[in-house]
Amino acid sequence: MTDVSISRLCKTYPGQGTPASDDVSLDIADGEFLVLLGPSGCGKTTLMRMVAGLELADSGRVIVGGRDITYLPPRERNLSMVFQSYAVFPHRTVADNIAFGLRMRGVDREVVARKVAWAADLLQLGPYLQRYPAQLSGGQRQRVAVARAIVVDADLLLMDEPLSNLDALLRLSFRAELKKLVSEIGTTTLYVTHDQVEALSLGDRVAVMRDGRIIQCDQPMTVYDDPATEFVGSFLGSPPMNFLSGRVHGSNGSTQVDLGGLHLPAPSRLASYAGREVRLGVRPETIAVSREGDPGASPSTVSVFEPLGSAVLITAELAGQELKVAAPASFRASPGERLWLTLAPERMRWYDPETGSALELAP
Ligand code: ATP
């Protein structure tokens, strides 16, 4: 069992006022692929480096497979790492690069040969084993780094933005390869990225970080559909979740939210917020758009129309507030045109305007 338990990990770099890791706790199950996602500077790499032993925590604990590794030197942790820069040895062949960690561990020659062949096969590096890194493409070089990391039977695989040096197309294909590979080898994995698509695509769970803290950690589609805060809703999704300001009204058993004069039906669970300001979060692709004034639809005015290939993106004004709507690729609209928007009640999310946190609504 190589489950990971990170508890109350704190780290403030010397001379820095704010902590890079602020009381972070996180459990990773045996064989799980956990993605740390967040904007630049939020503390992802610091957390990863503390797990790797490249940075020492001020306080807190890291337990891997029941073993407290918090203050062990990196080589005693039995972890393997893949970094953004390919970090392969230029003067060694692909085969020697892959074998490196095994040889360092004094593994038997035959076993080394078998494992190198296995990893090369998994990562389609068979034809390149005798080449040097300079004779490989960026994607192939990154595959060598991954192969080197997976051959060593580590308790935990750490990957820090391993795809970010690849061009967009290569990134896409390597992402799918990596997902397949990691599920095949089943090693517990901690993966750092600031790319939300990568996080959603790869993670069994995604931990969204901000300012040295984990804001939300859950399955990808839960984090996407039910963001715990406005920050999470804005960070995930392209375009991000829309947020509109309104005030809750409740009378005669019906609950409504007033968005600058436009009254939308709101769930009765919101009644306890009557008279208070709220923020309504709604994903662009959950808004239905039409040219007809269907029952329940609200009039809006198009300000920008953007064809994106697989969909069209419409920026519209609804009761004096701007929002984005993703419509099917065949839909056409022009600036100034009136369109009718329907916001599905079950896709609406509610936030506290002061804290930005999701409102706790009674079921
Ligand atoms: P990125 O996605 O840009 O790599 P990150 O989320 O990985 O960012 P970290 O590299 O962990 O963020 O940095 C977290 C905070 O700690 C930042 O404010 C950063 O400036 C600071 N920091 C990181 N390394 C050091 C260091 N060696 N000395 C001082 N401050 C540091």
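The values are calculated or read from the model by the stated rules, or taken from the named source; none is laboratory data. A quick note: this is a predicted structure, and the numbers were derived from the prediction, not measured. Positions of Cβ are backbone-derived with ideal geometry, glycine not excepted, and every protein chain shown enters the neighbour counts. The area values use the complete protein model at the heavy-atom level, side chains included, leaving out ligands, DNA and RNA. Shrake-Rupley method; radii C 1.70, N 1.55, O 1.52, S 1.80 Å.
Got at least one residue in segment 298-310 being among the aromatic types (Phe, Trp, Tyr) and in a strand (DSSP E or B)? Yes, because at least one residue in segment 298-310 is among the aromatic types (Phe, Trp, Tyr) and in a strand (DSSP E or B).
Of these, Leu190, Leu178, which one is under 24 Å from Gly43 (Cβ atoms), assigned to a strand (DSSP E or B) and open to solvent by less than 50 Å² (accessible area, probe 1.4 Å)?
Of the residues listed, the single one that is under 24 Å from Gly43 (Cβ atoms), assigned to a strand (DSSP E or B) and open to solvent by less than 50 Å² (accessible area, probe 1.4 Å) is Leu190.
Name the residues in segment 236-267 that are among the hydroxyl-bearing types (Ser, Thr, Tyr) and outside any loop (DSSP other than H, G, I, E, B), would you? Listed by number, the residues that qualify are Ser245, Ser251, Ser254, Thr255. Of the residues making up segment 50-64, one or more are more than 16 Å from the ligand (Cβ to nearest atom), assigned by TED's automatic domain parsing to the domain that holds Ile185, among the aliphatic types (A, V, I, L, M) and open to solvent by less than 10 Å² (accessible area, probe 1.4 Å). Within segment 77-86, the set of residues being out of contact with any Ser or Thr (no Cβ under 6 Å at 6 or more places or on another chain) and crowded, with 17+ Cβ neighbours inside 10 Å comprises Arg77, Asn78, Leu79, Ser80, Met81, Val82, Phe83, Tyr86. Going through (1) of a type outside the set (A, V, I, L, M); (2) at pLDDT 90 or above; (3) more than 21 Å from Leu79 (Cα to Cα) one by one, Asn97 falls short only on (3).
Taking segment 154-170 as the range and being more than 16 Å from the ligand (Cβ to nearest atom), in contact with a helix residue (DSSP H, G or I) (Cβ under 9 Å, 6 or more places away or on another chain), closer than 20 Å to Met48 by Cβ and not small (Gly, Ala, Ser) as the test, the residues that pass are Leu156, Leu157, Leu166. For first residues located in segment 40-65 and without any contact (Cβ under 8 Å) to a residue 40 or more places away in the chain, partners that are in a helix (DSSP H, G or I) and within 8 Å of the ligand (Cβ to nearest atom) and lie 6+ apart or on another chain with Cβ distances below 9 Å form the pairs Leu54/Met48. Among the residues that make up segment 193-212, is at least one of them in the same structural domain as Val24 (by TED's automatic domain parsing), under 19 Å from Glu32 (Cα atoms), modelled with pLDDT of 95 or more and open to solvent by 50 Å² or more (accessible area, probe 1.4 Å)? Checking segment 193-212: at least one residue is in the same structural domain as Val24 (by TED's automatic domain parsing), under 19 Å from Glu32 (Cα atoms), modelled with pLDDT of 95 or more and open to solvent by 50 Å² or more (accessible area, probe 1.4 Å). Could you tell me how many of the residues in segment 299-349 are surrounded by fewer than 17 Cβ atoms within 10 Å (Cβ to Cβ) and more than 28 Å from the chain's Cα centre (by Cα)? Looking only at that region, the number is 15. Looking only at residues of segment 90-143 that are among the aromatic types (Phe, Trp, Tyr) and free of Cβ contacts under 8 Å to residues at least 40 places away in the same chain, we find that the one that is least open to solvent (accessible area, probe 1.4 Å) is Tyr128. Sub-7 Å Cβ pairs linking a first residue in segment 8-21 that is within 17 Å of Ser40 (Cα to Cα) and near the ligand (Cβ under 9 Å from one of its atoms) to a second residue that is polar (S, T, N, Q) and part of a loop (DSSP other than H, G, I, E, B), at least 6 apart or interchain, are Pro19/Thr12; Ala20/Thr12, ordered by first then second residue. For segment 226-235, which residues satisfy the criterion of being touching a residue at least 60 places away in the same chain (Cβ under 8 Å) and not in a strand (DSSP E or B)? Once the filter is applied, which keeps residues that are touching a residue at least 60 places away in the same chain (Cβ under 8 Å) and not in a strand (DSSP E or B), segment 226-235 yields Asp226, Pro227, Ala228, Glu230, Phe231, Gly233, Phe235.
Taken over segment 24-39, the criterion of being in contact (Cβ under 8 Å) with a residue 40 or more places away in the chain, on the phi < 0 side of the Ramachandran plot and more than 10 Å from the ligand (Cβ to nearest atom) is satisfied by Val24, Ser25, Leu26, Ile28, Ala29, Asp30, Glu32, Phe33, Leu34, Val35. Would you check if Pro74 is more than 19 Å from Asp218 (Cα to Cα), of a type outside the set (D, E, K, R) and open to solvent by 10 Å² or more (accessible area, probe 1.4 Å)? It is true that Pro74 is more than 19 Å from Asp218 (Cα to Cα), of a type outside the set (D, E, K, R) and open to solvent by 10 Å² or more (accessible area, probe 1.4 Å). Taking the condition closer than 15 Å to Arg213 by Cβ, in the same structural domain as Phe83 (by TED's automatic domain parsing), crowded, with 23+ Cβ neighbours inside 10 Å and within 8 Å of the ligand (Cβ to nearest atom), does Leu47 pass? Judged against the criteria, Leu47 is a match.
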